[in-house]
1. Note down all Cβ pairs under 9 Å where the first residue falls in the range 193-217 and is more than 17 Å from Ile154 (Cα to Cα), the second is among the basic types (Lys, Arg), and they're at least six residues apart or on different chains.
2. Please find, within the range 37-85, the residue that is surrounded by the fewest Cβ atoms within 10 Å (Cβ to Cβ) out of those that are of a type in the set (A, V, I, L, M) and assigned to a loop (DSSP other than H, G, I, E, B).
3. Applying the selection to the range 79-131, what residues are β-branched (Val, Ile, Thr), closer than 30 Å to Gly165 by Cα and out of contact with any Leu (no Cβ under 9 Å at 6 or more places or on another chain)?
Amino acid sequence: MRDKQRHEIRVVETMAKAPNEAVADVRRDQMVAAAAQLIAERGFAETRIADVASRVGASPALVIYYFGTKDSLLTEALRWSEKEFYASAEAMLHDTPSVIGRLESLVTMCIPLVDDGEIPADWGLWFDLWAQAFRNPQVKQDRVLLDEQWRAVIARIVSEGVEAGEIAGIDVEWFTIMWSSLLDGLVVQVALDDPLVTGQRAQQVALQVARKELGLG
């Protein structure tokens with residue numbers, strides 16, 4: 001009888017806990033979204049924990065409870081903003097069969113043509129993450145994981161191109177490192193409004209290098 005009662009109590013506790021966890025997840029997502037928006041608007045240095053808390057109607061202590069530090073919040077904000085990018089990338093890979101078509105789409109996604117003086121919000125998050133990673137070991141490690149995810153997309157495109165016979169044998173890892181680094185550098189130049197590196201030219205450079213290295217003509 002007692003065992004049955006204990007079981008019933010555990011069931012009730014589990015049922016009560018589930019809604020609370022769901023609410024906590026929603027609350028956490030709201031904070032991450034607010035942090036991403038604020039950092040994109042103001043920059044990491046000018047964004048305070050209190051600002052994030054104020055935007056979602058919470059206390060600074062609650063934000064700290066969920067994320068611990070502002071650096072951790074920055075990493076989570078970038079992960080949150082990248083979800084849409086990777087969802088779009090996955091859809092593109094599914095809908096675009098050719099290697100060159102995939103590379104063209106990926107370049108357009110990475111270096112969108114925007115109005116003068118405007119940059120995509122996630123660029124600002126990346127720049128702030130790079131700056132913090134320079135001095136913060138934990139952020140540095142987080143940066144490595146995020147870049148591994150990004151490079152995996154490029155490696156997948158090239159590997160599947162090799163398997164399909166569109167690309168001759170190539171060192172996939174070498175190309176992935178080289179091309180992802182090139183894209184990062186081009187994004188920085190476009191973001192800094194370099195007069196010689198417009199968004200359109202950056203796209204052309206990235207695709208020309210990819211075509212040459214992969215033997216795509």
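1. Short answer, once both residue conditions are applied: Gly217/Arg211.
2. Let us first name the residues in the range 37-85 that are of a type in the set (A, V, I, L, M), namely 38-40, 45, 49-50, 52-53, 56, 58, 61-64, 73-74, 77-78.
Right, trim to assigned to a loop (DSSP other than H, G, I, E, B) and you get 45, 58.
Details: Ala45: 11, Ala58: 17.
Filtering first and then ranking leaves Ala45.
3. At the first step, the residues of the range 79-131 found to be β-branched (Val, Ile, Thr) are 96, 99-100, 107-108, 111, 114, 119.
Still in the list and also closer than 30 Å to Gly165 by Cα: 96, 99-100, 107-108, 111.
Thr96, Thr108 - these are the residues of the range 79-131 that are β-branched (Val, Ile, Thr), closer than 30 Å to Gly165 by Cα and out of contact with any Leu (no Cβ under 9 Å at 6 or more places or on another chain).
All of the numbers you see were taken from the coordinates with simple rules; none came from a lab. If you're wondering where the values come from, they're calculated on a predicted model, not measured in any experiment. Don't worry about glycine lacking a Cβ; one is built from the backbone with ideal geometry, like all the others, and counts go over all protein chains shown.
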